[in-house]
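**Student:** Shown below is the structure under consideration.
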Ligand code: TRP
Ligand code: SF4
């Protein structure tokens, strides 16, 4: 058996921000101590939407990896790699495409949504339609059991589960399948069991399709047969192989509580971010300029923290005494807004200090980052090749 494996990927979008840190990265840092983890740069995924302008990908990829390392993702614990350096993903994508119903892809909710959202771009491409299938290949090639993703990606993991099920049904079977199938045969009653075995052999030795039909008819004569036994026997009579692809589960990443500078969700597209390693002076300036409760026009006007985005940052960065100080001071006009913002500034700078320090090592020596990715990609490739051997075999491609 294999150890439970965690896999997740991120498109190379360039510098990450504190929203990514509080949502995704802290979670990765935790997971790397609990499971064997694989984290990768989904650069092919970036091409599904920016195929017309691929120049930014390389820079964005390295910046993003440095941010992962800065956040505390540890390359001696987790395997970090770049998707396009493990070309086996592409082979699995191709092979799975043979058995993926077009309708499944068209029904993935992000397909039409994104096409509408990014309406300035022509996304009526083959690659864009196949995006969820590429993601399935990323997951299935490592036999990953757990896939930490945000809510928007959950349908893709569900799609992957269905695909693995279809694949295994078509080409594989569960562990202990043989024994379970034999037990199930007995449930047909001794006479039908004998006939069933007879038809099964006829089909497997002579490819007699009529024998399959007659074996199936025997199943219908046993209405008490459990559905799972019926499915086993259907696989048994057709003589499929072992379980090849593992059905993954989504590990829902809790949405980040980190608000943006305007109180909305922190997001590059809202232009309200603080980057992971943002310059200290810039952090100070951004927080100082943050809007506050609009009711506090003058210093002497009392305010309400519930109506102020700065309060949401206190929720992330401040301890209870500090939060009580804000509540009391704001409502009584006892403190000014700049005063109130200082503990937030301190909190952010304190959080960023070790990240900046870790990143500096890599910025001074970019070769280190390249080595980490080269090593990680080699490790990932070894795992991917194991799966591909099995997939090629059951898909009739292991001849030379
Ligand atoms: N599609 C994911 C996103 O846009 C990135 C991704 C690609 C991914 N392949 C993956 C995530 C495999 C988890 C597992 O966020
Ligand atoms: Fe917001 Fe603090 Fe000013 Fe109150 S005192 S309005 S919580 S910044």
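The values are calculated or read from the model by the stated rules, or taken from the named source; none is laboratory data. Quick caveat, the model's predicted, so the values are computed rather than measured. Counting neighbours? That spans all protein chains shown, and the Cβs are built from the backbone with ideal geometry, glycine included.
**Student:** Got at least one residue in region 157-170 being surrounded by fewer than 14 Cβ atoms within 10 Å (Cβ to Cβ) and either over 27 Å from residue 388 (Cα atoms) or free of Cβ contacts under 8 Å to residues at least 12 places away in the same chain (or both)?
**Tutor:** No, region 157-170 contains no residue that is surrounded by fewer than 14 Cβ atoms within 10 Å (Cβ to Cβ) and either over 27 Å from residue 388 (Cα atoms) or free of Cβ contacts under 8 Å to residues at least 12 places away in the same chain (or both).
**Student:** Can you tell me how many residues in region 323-345 are touching a residue at least 12 places away in the same chain (Cβ under 8 Å) and either more than 9 Å from ligand 2 (Cβ to nearest atom) or not assigned by TED's automatic domain parsing to the domain that holds residue 292 (or both)?
**Tutor:** Result for region 323-345: 3.
**Student:** Another question, then. Could you tell me whether any residue of region 297-318 is over 30 Å from residue 140 (Cβ atoms) and away from ligand 2 (no atom under 16 Å from the Cβ)?
**Tutor:** Among the residues of region 297-318, not one is over 30 Å from residue 140 (Cβ atoms) and away from ligand 2 (no atom under 16 Å from the Cβ), which makes the answer no.
**Student:** Would it be correct to say that residue 309 is touching a strand residue (DSSP E or B) at 6+ places or on another chain (Cβ under 8 Å), more than 30 Å from residue 78 (Cβ to Cβ) and not assigned by TED's automatic domain parsing to the domain that holds residue 38?
**Tutor:** yes
**Student:** What single numbered condition from (1) more than 30 Å from residue 351 (Cβ to Cβ); (2) within 16 Å of ligand 1 (Cβ to nearest atom); (3) in contact with a helix residue (DSSP H, G or I) (Cβ under 8 Å, 6 or more places away or on another chain); (4) modelled with pLDDT of 95 or more fails to hold for residue 67?
**Tutor:** Evaluating residue 67 over (1) more than 30 Å from residue 351 (Cβ to Cβ); (2) within 16 Å of ligand 1 (Cβ to nearest atom); (3) in contact with a helix residue (DSSP H, G or I) (Cβ under 8 Å, 6 or more places away or on another chain); (4) modelled with pLDDT of 95 or more leaves (1) as the failure.
**Student:** Within region 271-290, take every residue that is within 11 Å of ligand 2 (Cβ to nearest atom) and in a helix (DSSP H, G or I) and give me the one that is nearest to residue 356 (Cα to Cα).
**Tutor:** Going through the qualifying residues, I end up with 287.
**Student:** Now for a separate question. If you go through region 87-104 one residue at a time, do you hit one that is within 25 Å of residue 151 (Cα to Cα), touching a strand residue (DSSP E or B) at 6+ places or on another chain (Cβ under 6 Å) and at pLDDT 95 or above?
**Tutor:** Checked against the condition, which is being within 25 Å of residue 151 (Cα to Cα), touching a strand residue (DSSP E or B) at 6+ places or on another chain (Cβ under 6 Å) and at pLDDT 95 or above, region 87-104 yields no hits at all.
**Student:** Restricting to region 382-400, what's the tally of residues that are surrounded by 18 or more Cβ atoms within 10 Å (Cβ to Cβ) and either under 25 Å from the mean Cα position of the chain (by Cα) or modelled with pLDDT of 95 or more (or both)?
**Tutor:** Adding up the residues that qualify gives 6.
**Student:** Next question, about the same structure. Considering 385, 360, which residue is assigned to a helix (DSSP H, G or I) and in contact (Cβ under 8 Å) with a residue 24 or more places away in the chain?
**Tutor:** 385
**Student:** Further, regarding this structure: Could you tell me how many of the residues in region 244-265 are surrounded by 19 or more Cβ atoms within 10 Å (Cβ to Cβ), more than 16 Å from ligand 1 (Cβ to nearest atom) and part of a loop (DSSP other than H, G, I, E, B)?
**Tutor:** Number of matching residues: 4.
**Student:** Is it the case that some residue within region 140-163 is assigned to a loop (DSSP other than H, G, I, E, B), at positive phi and assigned by TED's automatic domain parsing to the domain that holds residue 97?
**Tutor:** Scanning region 140-163 turns up at least one residue that is assigned to a loop (DSSP other than H, G, I, E, B), at positive phi and assigned by TED's automatic domain parsing to the domain that holds residue 97.
**Student:** What number of residues within region 26-59 satisfy the criterion of being assigned to a helix (DSSP H, G or I), touching a residue at least 60 places away in the same chain (Cβ under 8 Å) and touching a helix residue (DSSP H, G or I) at 6+ places or on another chain (Cβ under 8 Å)?
**Tutor:** Going through region 26-59 one residue at a time, the tally reaches 6.
**Student:** Can you tell which of 124, 137 is assigned to a loop (DSSP other than H, G, I, E, B) and either farther than 25 Å from residue 397 by Cβ or modelled with pLDDT of 95 or more (or both)?
**Tutor:** Answer to the check: 124.
**Student:** Residue check, residue 12 against (1) more than 15 Å from ligand 1 (Cβ to nearest atom); (2) within 15 Å of the chain's Cα centre (by Cα); (3) in a loop (DSSP other than H, G, I, E, B), all met but one. Which one?
**Tutor:** Every listed condition holds for residue 12 apart from (1).
**Student:** Let me ask something additional. What residue, of 200, 194, is more than 13 Å from residue 237 (Cβ to Cβ) and either out of contact with any helix residue (DSSP H, G or I) (no Cβ under 6 Å at 6 or more places or on another chain) or crowded, with 17+ Cβ neighbours inside 10 Å (or both)?
**Tutor:** Testing whether each residue is more than 13 Å from residue 237 (Cβ to Cβ) and either out of contact with any helix residue (DSSP H, G or I) (no Cβ under 6 Å at 6 or more places or on another chain) or crowded, with 17+ Cβ neighbours inside 10 Å (or both) leaves just 194.
**Student:** Which of the following residues is surrounded by 13 or more Cβ atoms within 10 Å (Cβ to Cβ), farther than 30 Å from residue 395 by Cβ and either without any contact (Cβ under 8 Å) to a residue 60 or more places away in the chain or within 16 Å of ligand 1 (Cβ to nearest atom) (or both): 292, 275?
**Tutor:** Sole residue among the options that is surrounded by 13 or more Cβ atoms within 10 Å (Cβ to Cβ), farther than 30 Å from residue 395 by Cβ and either without any contact (Cβ under 8 Å) to a residue 60 or more places away in the chain or within 16 Å of ligand 1 (Cβ to nearest atom) (or both): 292.
**Student:** Conditions: (1) within 10 Å of ligand 2 (Cβ to nearest atom); (2) assigned to a helix (DSSP H, G or I); (3) over 35 Å from the mean Cα position of the chain (by Cα). Residue 293 meets all but one. Number of the miss?
**Tutor:** The single condition residue 293 does not satisfy is (2).
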